[in-house]
Each structure stands twice: as C-alpha cells, then as structure tokens.
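Scroll down for the structure; my scribbles are underneath it.
No lab work stands behind these numbers, since they all come straight from the coordinates. Nothing here was measured: the structure is a model prediction, and the numbers come from that model. FYI the Cβ positions are ideal-geometry reconstructions off the backbone, even for glycines, and counts take in every protein chain you see.
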Amino acid sequence: MLLSTLMLTFAVVAFASYDQPILGISLGTRDFTAVQSLANGSTSLIARVSANATYTNWFEEELKLSEHERSTVDFAALEQAILAIRHAVTQKLQQQTQFRIVTAPKEMRDPVIKTFTKLDLLAPIEVPATNYIRPASAIHYAHGLGTCETADLPTGCDPEDISGEALWLDFDASSLSVRLLSFEEHAADPGTESVFSDLAEMYHTETTSERVISALQEHFSNFLDQDTVLKDFPGRRGNDFKPLRSDIKAIVASGDPPPGSLEAVRLALHRISPDLASRIRGSTDPSLALATGAALRAREMLDRPEIYSANICHHSEEYSHDEL
C-alpha cells in the first residue's frame, strides 16, 4: 500500500512537471527575456520586457558593489521588474506559471534568486542543482558548444575527444565584450574580457564603414595576439596556458547588436582569417541567447536527470547553497 502511494505521488509530481511550460529567463541591464523549451527540441520566445530607468540605474549600481554591500540594499526595483516579466508571461500563456532556470550576471546571482524565491516564482528542481545558471553556461546550451558538430568531429564521437574554444561576443548598449569560452561547460570562468568601447557610435554611423571595420579588426587582432598563440611550443600548457588560434571552432554572440554590426564583425574577422570568419554561428538570435540557454538547461534537467547525479562534482557552482 505504501509503495503504491509513493508511486502515485511520483506520477502526479512528474505529470505536474511536464504539464507546466519549461521556461528559462534572462535578466540583463536593460531587459528581461523569457523563452520556452518545447518537447520537440525547439524553443519559443514567450515575452521580452524592456526595463525602466529605475531598474537599469539600480542594476548598474549593484554591479559596482561588493558582495557584502549588495546584500544590504533594497531590491524593490528588481522585484518590480520580475513582476513585470511574470505579468507578460502570464498574459501570453494565459496561465500562472513558474520559471525553472534563471540566468543573470554572476554578481547578481544571490539577489536575483532570493527575489524570485520570495515571489514564489521558481519551479521545483528535482535534480541536485539550483535554478541559476551562469551566462557562460547558458551560452554553451544556446549555441550547442561542446558537441561533436561544433568540435568538427563525426556524429556520435567520444565525448572525451571534444575540445575547443569559442569566441564569445557579448553586445551591450554601448560596448562589445570579447572573451574566449572553453567548450568544457564547467571549466573556469571565461577568459580575459576585452571591451570594444566604440559600439555606441555604430548607432550613429554606417556599421559597415571602413572606419568601423578597421577598428574592429584592430581590436580583434590585439585580443587574439594577447590571448591565443598561432603555433604550439614546449611548455604551452603550463600556468600561462593559451589556446591555439586554431582551437577557436565557434564564434557566438549574445546581447543586442546594433543593426549591421554582425556583418561588420564578419568583415573584420575575414580580414584577419577567412577560416575564422567561417566559424560564426548565426542559428540563435543573440538577443535571445541567454534565455534560450536557460530554457534548454531546464529541459535537460527534466529529461536527463541522471547526468546531474552522475556529475555532481562538476556542477558545484550551480548547486544549491544553504543561504539560498
């Protein structure tokens, strides 16, 4: 009798889990995006809400604070922003729902998760992990990094053979940050960030102008010269390890690129190396990339829970903490 009751309870919980939309959400400086993961493997934009000036100012100031200072401030602006995206999602889906995975800058992890928890907007997670995912990990899921395809290996390859780097371009309202991202999702944080600060001017000039392309070319060249090497050499894998230029097997984007800026990026990279330019992956809308990655991670948690129990040591940063 007890066994039957337990089995029935599990079935009800499982049905409830699958009956609810699988939603991922990204919180940025200027907008919030909710994406749904569908059973057929595709994703769908549910809602995108622009932030008001109060929230944007609060968010930017929060990023400047230390962890201790951040824990003592008022989160009212964040709470109102989350309620706004919840309202938009409810209107679209015509039902009350919760979010499974949230992504936001890692400095904002605790206030974001605490506020979602306070508002009871986080769906239960049945695996040993939290409702939070780092932006870098979200990019892995959104662009399929670390797969046989992106590593230029045959379908069904040995996962142990997969290696490589992605050039991650993150567009903000006024700047473009460039970083290397290892194909190993649970590796250390992305490498050194290099910021192209002339992005704001792209809104006021022809993005494919010679001046813009040359500026991007110089910026990418300097970054690659500093963070990669062209040829292998003894001792390269020591404390000052740098990947080979040929290890870059994907170029991915997130954020809100100004109109035409991705073409300017392609032209600039083509001047450096035609092969490098061919690595640009354009299957995912950059403005949806983070929320898409969060939604795909949520789907994986539901469909493949066994990999989280098997790899718990590799998910340490995104596993639950007592204070959450």
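Structure data summary
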| item | result |
| --- | --- |
| Residues His270 and Gln94, FRET efficiency given R0 of 51 Å [Cβ-Cβ distance, rounded to 0.05] | 0.65 |
| Dipole in debye (nearest 20) - segment 24-107, about Cα centre, beta carbon charges: Lys, Arg +1; Asp, Glu -1 | 480 |
| Partners for Lys114 among lysines (Cα-Cα distance below 17 Å; same-chain residues under 8 apart left out) | Lys106 |
| Partner aspartates and glutamates for Lys92 [C-alpha distance under 19 Å; skip if fewer than 8 residues away on the same chain] | Asp19, Asp31 |
| Karplus 3J(HN,Hα) series, Hz, for segment 283-297 with 6.51 cos²θ - 1.76 cosθ + 1.60 (x for Gly, Pro) | 6, 10, 4, x, 5, 10, 4, 5, 5, 4, x, 5, 5, 5, 5 |
| Förster radius 35 Å - calculated FRET efficiency between Asp232 and Glu160, Cβ distance, rounded to 0.05 | 0.95 |
| Burial order of peptide ranges 88-99, 58-69, 278-289 (average beta-carbon count within 10 Å, highest first) | 278-289, 88-99, 58-69 |
| Mean Cβ count within 10 Å, highest first, over the residues of peptides 292-304, 74-86, 147-159 | 292-304, 74-86, 147-159 |
| Candidate lysines - alpha carbon under 21 Å from Lys231, same-chain residues fewer than 8 apart omitted | Lys242, Lys249 |
| Linear extension gain, Ser221 paired with Asp198, 0.36 nm per residue minus alpha-carbon span | 6.7 nm |
| Dipole of segment 84-154, positive direction: furthest Cα of Ala129, Thr115, Pro154, with charges on the beta-carbon | Thr115 |
| Tail fraction, Cα-Cα pairs, segment 15-172, threshold 24 Å, whole percent | 41 |
